[in-house]
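Everything below concerns the one structure shown next.
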Amino acid sequence: MTPRRSPKDDKRATRLAGSLLRLLVRRGQLIWLMVAVAVVAMSLISPHFLTVENLFTNVLRQSAVVGIVSVGMTLVIATRGFDLSVGSNIALSSSIMALLLTESGATVIEGIAVALAIGAAIGATNGVLVAKIRVPPFIATLGMLSIARGLALVFAGTTPVDLLPQSLLDLGRGKVGFLPLPVLFLAGTWLVAAYLVKHTRFGRYALAIGSNEEGARLSGVKVDSYRIAHYVVLGVLTAAAGVVLTGRLGAAQATMAVGLEFQAIAAVVVGGTSLFGGEAKLAGSVGGAILVGVLRNGLLLRSVDTNWINIIIGAVMVASVAFDGLRRIRAGRLS
Amino acid sequence: MASIRNKRSTARLASLWRGHGTELVLLGAIGGVLILFSRFAPGMLTSNNLVSILRQMSFIAIAGLGITFVIISGRIDLSVGSTITVASTTMALLVTRHGVPSGVALVLPVLIGMMVGMINGLLTTKARVTSVIATLGTLIALDGAAKLIVGGETIAGLPKVVTYLGSSKLGPVPVSVFVMLFVWFGAEFTLRKTSFGRNCYHIGSNEQAASLNGIAVDRYVTWFFMTAGALSGLAALILVGRLRSANVDIGVGLELQAIAVAVIGGGSLFGGKGTATGTVFAVGLMAVINSGMRLSSVNVYWQTAVTGALIVVAVSIDAIRRRGDRS
């Protein structure tokens, strides 16, 4: 006869699980538990999900673009900002790059430089509108969403621009060993951003501005300039992610990356960074991007309708924001 | 004697300017754009074109007036476009395939809109999700729902009763224009003369004070979202009538236009400001610009960029003016 578990053991196990959960929540690492649960769930519903091939070449490669954007987005959200224009930024910068490469005979380096410059310009405009003119970030970047998408359509029409040079395609499709190149880019961006947040003024001030702007200003922080710089960095990272995306897809198009802003913001929010500013959970954002990628890929393999996938991701996002609100109410920081 | 009369009329003009600056600027801009484009595009000032501009305006104005309530109260609603999509496709599907009587179909979009508004309201007031995120969530959910319900097809063959509001005319003027006027005056009256409207401004300009004064903030905010939803439903009905069909792309991007007109018309995203008349004039300005660009055969995609630029300019002016007020 097998020994029966006593109720005491059960209680102890529950308590252990409870304190583990609390630890994860407190350290902001709940996201990895969520990723693990999602991976298990996806491999249960789809037999093709849990293969090395699928995880590395598809899930991680696809998550990388959103991941790079969400690392930048984390910095901006940490300052209590917001950016809805990232999807349009990719469309404008990448399609102009592709046009330069195919029609004006520019070199790949020149093309990428122009794309990054466009990203920087979009970021700078957002930053000036938010920091200097004091337009709410949400509406400034909503306007920019429309401007950049419109310009992309004016310049490139709706047909994809393909026949791009191989070296550009390699940026999205290449591999080093078994790791896809985009994943390495994501890792690099993450590490640099983590260093910036921990050890530089640029990063520390982002948190200071987000948690108490007036306090930061009174302590002599040049709030406006740093704010603009954060938006510029996000703009450049977004354009870079666009280059990688163009390489992966093999073409750029004025209608590409529609709704990418939503995925990036979802990744940041699900990763535990608060929309109220003052926090930058970079690991959480990367985990969030991977979670979004896992859900998308796994559900697609199960041939779930894309719309249902969006609904599920949207629900996860709204739940995370509600969770954050409740956490703040309990911490007494929000009346 | 004459000089006193002069002074009095100057004072009256000054107070008109102070109270209705935005509206006057917009009216001037509409006139300016009309004259400017009439030089490039001879078809601009014909009565045919002016009627078509008014008809273009109608559904955006109605949706924009709804969102004006939400914006005055210091919130935002991103789900307008997808509410229109869901309301129109569901109604079209039910009336053509499932034998729902046309009379019911007429109120269905408004009811669906109110339901969406209630969900938005409850999410922001009870679950305390920021309105941007809450309505972004409903946007995605509704867009998905519409695609699941109708898929890629276009539903046509709607009964006359349903398309009446969107496609019939009374004399030379489309019925939808009368609906717009009716909603405009209704909104203007509500905002100025009723406690519902005044509380909207109170909540938007100082929520805490409003709450301390015994205004049931949560309940009112939910009603503002429901107003926006209901008017989105009405806009959907007109849009379906005009197109005589519905599909899942019908409302795409309309939220941006609706927010744009409320803000260009003097609504402040910080809450507490905005008027019905300003919103309608802003719709007029956008419609005149779009019509002019179309007639002078500018690349249609400029419209998207110009809409965005107008939003940015209007909001910047609002922000700068606000800073002036404070100092």
Considering only residues that are assigned to a helix (DSSP H, G or I) and among the small types (Gly, Ala, Ser), which ones fall in the stretch B:252-302?
B:Ala258, B:Ala260, B:Ala262, B:Ala276, B:Gly278, B:Ala282, B:Gly284, B:Ala287, B:Ser291, B:Gly292
Going through the stretch A:125-151 one residue at a time, which ones are open to solvent by less than 30 Å² (accessible area, probe 1.4 Å), more than 7 Å from every other protein chain (Cβ to nearest Cβ) and among the hydroxyl-bearing types (Ser, Thr, Tyr)?
A:Thr141
Return yes or no: is B:Leu123 touching a residue at least 12 places away in the same chain (Cβ under 8 Å), part of a helix (DSSP H, G or I) and surrounded by 22 or more Cβ atoms within 10 Å (Cβ to Cβ)?
yes
Condition (residue is closer than 20 Å to B:Val116 by Cβ, open to solvent by 20 Å² or more (accessible area, probe 1.4 Å) and either of a type in the set (Ser, Thr, Tyr) or touching a residue at least 40 places away in the same chain (Cβ under 8 Å) (or both)) applied to the stretch B:259-270: is it met by at least one residue?
no
Could you tell me which numbered condition A:Val258 fails, if it satisfies all but one of (1) assigned to a helix (DSSP H, G or I); (2) surrounded by fewer than 23 Cβ atoms within 10 Å (Cβ to Cβ)?
(1)
For the stretch B:240-258: of the residues being open to solvent by less than 10 Å² (accessible area, probe 1.4 Å) and modelled with pLDDT of 85 or more, which is farthest from the chain's Cα centre (by Cα)?
B:Ala246
Can you say whether B:Ile84 is in a helix (DSSP H, G or I), surrounded by 17 or more Cβ atoms within 10 Å (Cβ to Cβ), of a type outside the set (S, T, N, Q) and free of Cβ contacts under 8 Å to residues at least 24 places away in the same chain, as far as the supplied structure shows?
no
Among the aromatic types (Phe, Trp, Tyr) and either more than 30 Å from B:Val252 (Cα to Cα) or open to solvent by 30 Å² or more (accessible area, probe 1.4 Å) (or both): is that true of A:Tyr231 in this structure?
no
Subset of the stretch A:268-281, residues open to solvent by less than 10 Å² (accessible area, probe 1.4 Å) and away from chain B (no Cβ under 14 Å), comes to A:Gly271
Per the list (1) modelled with pLDDT of 95 or more; (2) farther than 24 Å from A:Ile112 by Cβ; (3) not β-branched (Val, Ile, Thr), residue check on A:Leu234 breaks on (2)
Is it fair to say B:Thr304 is closer than 28 Å to B:Gly43 by Cβ and facing chain A (nearest Cβ under 9 Å)?
yes
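The values are calculated or read from the model by the stated rules, or taken from the named source; none is laboratory data. Keep in mind that this is a model prediction, so the values were computed, not measured. We place every Cβ from the backbone using ideal geometry, glycine too, and count neighbours over all the protein chains shown. For accessibility, only protein heavy atoms count, side chains too; no ligands or nucleic acids. Shrake-Rupley method; radii C 1.70, N 1.55, O 1.52, S 1.80 Å.
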